[in-house]
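Reviewing the structure listed below.
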Amino acid sequence: MSTDRIDKILAHEGFGTRKDVRKYFRASKVLVNGQVITDPGFHCDIDKDEISVEGEILNIEKNIYLMMNKPQNTVCANKDGLHQTVFDLLEEQYRIGFALENLHLIGRLDIDTEGLLIFTTDGKLTHRLISPKTNCPKKYFVRLENSIDENLKNEYEKKLAAGIRIPAEDNEDEADCLPAKIEFTSSDDEVYLTIVEGKYHQVKRMFRALGNKVIFLKRVSINELKLDENLSAGSYRKMSPEEVALLG
Ligand code: URA
């Protein structure tokens, strides 16, 4: 169960600032499950409790969870003077009110990376998934510049499983990565890589450390949640509660 202060909920719902909404409590205009609430600090659960203000029952927007197939040439930022952002691709309903203030990304992808990107207003979920302690697996489809033979496949597998040291890039120092899992495909230049961290340009730097180069990168899953392949690049949709649960 997740509860929140009722004055905060009303402020989210557009009744004004937390100071502004006090007048509704003073006038006994706020009811929770039919009971008058005069304490703005009263906690309630928007999934279970019925809240009304001045006789109107609130239809509260619950947390938002969107899955996007991020296209290339878009940046994972709220604003960017130069490039289109992933937020620019959202309909207006996700760029106003509660969503404007709370919608954020769970992890970022580089400008030239495609694939699974999650937008949510659920800060607790985000915190859990991006915490270094969680070791949340993220799987990428990778196309390499140089194809790899059986010897190299063995070498890559061993080095990645042992935890590879990645080179410095931009403002980031050299770093040691946690063990990662590579899966080979029928194409000698295409692999899947699963990593449990989110270091800057991590996948690209891992293949650089192996003497190769990533020429195409697409995230295909986060934990047990797979990208819906019916989503064309740049499109998105709401996630079902079952899909949210697959994120872990
Ligand atoms: N690793 C990268 O190098 N880039 C991404 O966008 C994601 C992971």
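The values are calculated or read from the model by the stated rules, or taken from the named source; none is laboratory data. Note that the structure is predicted; figures quoted are calculated from it, not measured. Ideal geometry is used to build each Cβ from the backbone, glycine not excepted, and the neighbour counts take in all protein chains shown. The accessibility values were calculated without ligands, DNA or RNA, using every heavy atom of the protein model including side chains. Shrake-Rupley method; radii C 1.70, N 1.55, O 1.52, S 1.80 Å.
Observations, loosely collected:
- Strands (runs of 3 or more DSSP E) completely within the range 185-243 that count 1 or more residues being hydroxyl-bearing (Ser, Thr, Tyr) and without any contact (Cβ under 8 Å) to a residue 60 or more places away in the chain: 190-195
- Every residue from the range 224-248 that is open to solvent by 80 Å² or more (accessible area, probe 1.4 Å), closer than 18 Å to Thr126 by Cα and at pLDDT 95 or above: Glu224, Lys226, Lys238
- Search result, residues across the range 203-231 that are within 12 Å of the ligand (Cβ to nearest atom) and under 17 Å from the mean Cα position of the chain (by Cα): Lys218, Arg219, Val220, Ile222
- When Glu155, Glu197, Glu169 are checked against the criterion of being over 22 Å from the mean Cα position of the chain (by Cα), within 11 Å of the ligand (Cβ to nearest atom), among the charged types (D, E, K, R) and not assigned by TED's automatic domain parsing to the domain that holds Gln72, Glu169 stands alone in meeting it.
- If you go through the range 115-141 and keep only what is charged (D, E, K, R) and more than 9 Å from the ligand (Cβ to nearest atom), you end up with Asp122, Lys124, Arg128, Lys133, Lys139.
- Considering the range 1-23, the residues that are assigned to a helix (DSSP H, G or I) and open to solvent by 50 Å² or more (accessible area, probe 1.4 Å) include one that is nearest to Gln93 (Cα to Cα), namely His12.
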